[in-house]
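The values are calculated or read from the model by the stated rules, or taken from the named source; none is laboratory data. No experiment lies behind these values; they were computed from the predicted model shown. Here the Cβ is made from the backbone with ideal geometry for all residues, glycine too, and neighbour counts use every protein chain on show. For accessibility, only protein heavy atoms count, side chains too; no ligands or nucleic acids. Shrake-Rupley method; radii C 1.70, N 1.55, O 1.52, S 1.80 Å.
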Protein chains: 2
Amino acid sequence: MGRVSDGKERLMDAVRELIWTGSYGSTTIDQICDKAGVKKGSFYYFFKCKSDLAVAAIDADWQIRRVELDALFSPTTPPLERLRRFCEYSAQAQAAMKAKFGRVLGCPQFCLGSEVSTREDQLQQKVMEMLEHRRKYLESAIRDAHAQGAVIAPDAAAKSRCLFAYFEGLLTQARIQNDLGVLTEAQTGMFALLGVSVPPVSPV
Amino acid sequence: MGRVSDGKERLMDAVRELIWTGSYGSTTIDQICDKAGVKKGSFYYFFKCKSDLAVAAIDADWQIRRVELDALFSPTTPPLERLRRFCEYSAQAQAAMKAKFGRVLGCPQFCLGSEVSTREDQLQQKVMEMLEHRRKYLESAIRDAHAQGAVIAPDAAAKSRCLFAYFEGLLTQARIQNDLGVLTEAQTGMFALLGVSVPPVSPV
DNA sequence: TTGGTAGTTATCTGTTTAGTCAAGTATTGG
DNA sequence: CCAATACTTGACTAAACAGATAACTACCAA
């Protein structure tokens, strides 16, 4: 089997952080290698180009996010409570990033997608796939809420697209303004979109 | 006065199109000069660097947008009708871009902002200024609608931030997916956020 | 018509960048 | 311990890039 290495993983971690704290276009392969502590020759041993690395990094990241989101959106949690916790969790995650990097970073996929969608086909496809995955969580929560009579949303898919656009818009605004305050309105806005005037009380 | 030139304007037009159809980071000064039909020496005669040009281009563009938006949001138009027309106008503008470039391009400021906010201070400031200008139109329409009793929105500023995040999120999604269909839900979503279930009939 | 001003151009420099490659080294399974 | 494999390394090339400059040219105003 020859020797083993975590160079691939280090490269994926590096590119994720660099793109997220900066941008895809402004991130060079040299920078990625420096941050990962990997020589450029090794980079090209593992990956064909920057976009291939980015796609792999997004896939690897999704394996982690999926577990977190599965827990947040567990069907054992009341549907509107899932949404509330999702807002809360997202705001906390953004706060953590701000503490670490001095910057509100927003949604990595959404930012990347809006930057590269016109130029990088594979990356755009991958981003769309990831965003669609995320939207599904909202959709099923909304469908469950409708079934329970907690909200009126006969078309859960359409409603989830609304909520999703709103939420991603809010995250991006928080990034642009570098302001966590933007996210305090997330819950209110989400529930306004659902036609529920007041967020529900949270059961344990 | 010496000779006059529209080189400056051509450079501003070129950079706007290149950033919008691609991205800020992937747009080089050589590309801008080529597209503008201006030599690099002239570029540096007019501007200190790429970001200075971008800021100037945004300012110049705003002079045009302002007139259009002033017309759309004229106080002589019923407030909810202003919002409806704004959605319609935006969707048409996106359709025009798709026809011209084969791409849904979304909001130039929002995309640029999310790309460069962590790296280019002046540009970030300018983008924030522009986005704030645009949001104000929504705010005053909502305030007027509330005063008329057409919607219940005692905090027009907060409501406008909601609508704005939603709308920008939707535009960005349309860009990422390169799909005009995303925008068909804009009106429905906007009015859902306002707590008005059905968009009002449009008077002349 | 002329002189100063506004703008143009070709050419140059040094740096950063992506991408290649051949030779080397560590590791693992047999 | 050996040999196949998995990875590493540094040195290389060629292109793209930002930015500078000096000489040139067109235009307006007096």
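Observations on the structure shown:
- Set of lysines with alpha-carbon distance to B:K98 below 25 Å, sequence-local pairs under 8 removed: A:K126, B:K35
- Largest accessible area first, the listed residues B:W20, A:W62 line up as B:W20, A:W62 when surface is computed with a 1.4 Å probe on the assembled protein chains.
- Scattering curve values for region B:65-204, log₁₀ I(q)/I(0), Debye with Cα scatterers, q = 0.15, 0.21 Å⁻¹: -0.76, -1.37
- Interface residues, region B:146-181 - accessible area loss of 40 Å² or more versus chain alone, probe 1.4 Å: B:R161, B:C162, B:A165, B:Y166, B:Q173, B:R175, B:I176
- About its Cα centre, region A:1-155 has a charge dipole of approximately 380 debye under the convention of +1 per Lys or Arg Cβ and -1 per Asp or Glu Cβ, with nothing else charged.
- Per residue accessible area of the protein assembly as shown, 1.4 Å probe, in Å²: 46 Å²
- Ordering B:Y45, B:A14, B:A56 by the projection of their Cα atoms onto the charge dipole of region B:10-78, which places +1 on the Cβ of Lys and Arg and -1 on the Cβ of Asp and Glu, puts B:Y45 at the extreme positive end.
- Chain pair A, B: total accessible area buried, heavy atoms, 1.4 Å probe, Å²: 3200 Å²
- Cα lying deepest toward the dipole's positive end in chain B, options B:V151, B:L83, B:P108, charges on Cβ: B:P108
- Relative compactness, the protein assembly as shown, computed as alpha-carbon Rg over 2.2 N^0.38 Å: 1.03
- Candidate residues B:K8, A:K126: accessible-area rank, largest first, probe 1.4 Å: B:K8, A:K126
- Cα gyration tensor shape of region B:1-81, rounded if a/c is under 1.5, else prolate or oblate by comparing a/b with b/c: prolate
- Within the full protein context, the accessible area of A:E115 is estimated at about 10 Å² for a probe radius of 1.4 Å.
- Carbon and sulfur %, accessible surface of the protein assembly as shown computed with the full protein complex present, 1.4 Å: 54 percent
- Heavy-atom accessible area order for B:M190, A:M128, B:M12, largest first, 1.4 Å probe: A:M128, B:M12, B:M190
- Taken residue by residue and averaged, Cβ atoms of other chains lying within 10 Å of the Cβ of A:117-124 number 5.
- GNM result for chain A, Cα springs below 10 Å: residue of A:Y44, A:Y89, A:Y24 fluctuating most strongly: A:Y44
- Dipole moment magnitude, nearest 20 debye, the protein assembly as shown about Cα centre, only Lys, Arg, Asp, Glu C-beta charged: 540 debye
- Taken about its Cα centre, region B:82-126 carries a charge dipole of roughly 320 debye when the Cβ of each Lys and Arg holds +1 and the Cβ of each Asp and Glu holds -1.
- Over region B:51-193, relative contact order from alpha-carbon pairs under 8 Å, at least 6 apart, %: 27 percent
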